[in-house]
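Written out below as structure tokens is the structure these notes cover.
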Amino acid sequence: MKRKLLIILFFIFLMNEIGFCWGEQGHRWILMEAIDLLPQEIKKYYKSLESELLNKVMDPDMRKGADNNNEAANHYINPELYVSFGFSIDTVPWRESEVLKKVSAEKMNEYGVLPFAIKKTYMKLVEALKKSDTQAIIVYAADLAHYVGDAHQPLHLTENFNGQLTGNLNIHFRFENDLVLEYLNKVPAPAKKELQKIKDIDKYCWEHIKKISKFVPAIIQADNAGVAVSKIYDDKYFRVLWNNTKDIFQAVFINGAYALSEYYYTAYLTAFPTPQNKKTKSTKTADKSKISTTKNKTLKK
Ligand SMILES: [Zn+2]
């Protein structure tokens, strides 16, 4: 009996340590919408891999906790913890090498390395595309989708990730699982827009983290408002949580899709730098001729 209890407690501990992430539905939504936003020819390529990417988009979660691979640190960052090293979220250097001049690798793993994981995965995707290594492309494109999704969950970007510092325990799960299951269908598909080729990947990663992490206080307040109406997290509570966070909820999903789309777009243009692809912006006329036919052929599955 005691052993059973210990096992249950161990799994609860494990869930708290490694179980956080948008539910599968959330990650899949961002991935599918991101592919949909791509210019026609590039979209056609990623679309051909979509079902495999969808199957693999949760793989980074599966790797957490395995063989001391530090995978868990790839899924979050607690920028507030950098304060003791003289940084704030606005002043943490964008480049990992710069951070490592002041913070040990061990501390960095403790604080989370999500933006650096995005950068590394992006670079691996570019390499895989250059080699037309379809299996590697699938692995890194799926990993990238997962990490970019996590970077758009505000509670992955704060020390107060589970409301434990403000008396809002388990808000993480309520926001990223319960709300997703009930309300993700209310998020409209992102409007098509001109995608930008990312000029500085390190900077781009951090710009998202800064923007999305600013939503944390509002989520905490919304949780307080919900609890004020019902302390048992029933429909009444979730209606208040939704009404108070729906703009944030929609913004993080839509921005997550745009960001992933621009990573995919930039990776492709970087791997295949035809004269047209060197342009920093996509245009409707350039989209169709953007990728050379030879390159396209090499990438067909
Ligand atoms: Zn994750």
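Is it true that some residue in the stretch 160-175 is over 15 Å from Phe238 (Cβ atoms), crowded, with 19+ Cβ neighbours inside 10 Å and among the small types (Gly, Ala, Ser)?
So far as the stretch 160-175 goes, yes, one or more of its residues are over 15 Å from Phe238 (Cβ atoms), crowded, with 19+ Cβ neighbours inside 10 Å and among the small types (Gly, Ala, Ser).
Conditions (1) assigned to a helix (DSSP H, G or I); (2) away from the ligand (no atom under 16 Å from the Cβ); (3) within 20 Å of Trp29 (Cβ to Cβ); (4) not β-branched (Val, Ile, Thr), marked per residue:
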position	(1), (2), (3), (4)
Glu52	yes, yes, yes, yes
Asp61	yes, no, yes, yes
Asn74	yes, no, no, yes
Glu80	yes, yes, no, yes
Glu110	yes, yes, no, yes
Lys120	yes, no, no, yes
Val126	yes, yes, no, no
Ile137	yes, yes, no, no
His152	no, no, yes, yes
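Please name all residue pairs, on different chains or six or more residues apart, with Cβ atoms under 9 Å, provided the first residue is in the stretch 227-247 and is at positive phi and the second residue is in a loop (DSSP other than H, G, I, E, B) and surrounded by fewer than 18 Cβ atoms within 10 Å (Cβ to Cβ).
Pairs that qualify, where the first residue is at positive phi and the partner is in a loop (DSSP other than H, G, I, E, B) and surrounded by fewer than 18 Cβ atoms within 10 Å (Cβ to Cβ), are Tyr233/Asn170.
Quick one: Ile212 ticks every box in (1) within 16 Å of the ligand (Cβ to nearest atom); (2) more than 20 Å from the chain's Cα centre (by Cα) except a single one, so which number is it?
So the condition that Ile212 fails would be (2).
Can you list residue pairs whose Cβ atoms sit under 8 Å apart, with the first residue in the stretch 66-88 being free of Cβ contacts under 8 Å to residues at least 12 places away in the same chain and the second being within 16 Å of the ligand (Cβ to nearest atom)? Count only pairs 6 or more apart in sequence or on different chains.
Asn69/Arg63; Glu71/Pro60; Glu71/Arg63; Glu71/Lys64; Glu71/Gly65
Would you call Ala142 of a type in the set (A, V, I, L, M), at pLDDT 95 or above and either under 23 Å from Leu184 (Cα atoms) or within 14 Å of the ligand (Cβ to nearest atom) (or both)?
yes
Results for (1) of a type in the set (Lys, Arg); (2) in contact with a Phe, Trp or Tyr (Cβ under 9 Å, 6 or more places away or on another chain), shown as yes or no for each residue.
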site	(1), (2)
Val126	no, yes
Ala141	no, yes
Gly149	no, yes
Phe161	no, yes
Arg174	yes, yes
Val180	no, yes
Ala189	no, no
Gln221	no, no
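The values are calculated or read from the model by the stated rules, or taken from the named source; none is laboratory data. If you're wondering where the values come from, they're calculated on a predicted model, not measured in any experiment. FYI the Cβ positions are ideal-geometry reconstructions off the backbone, even for glycines, and counts take in every protein chain you see.
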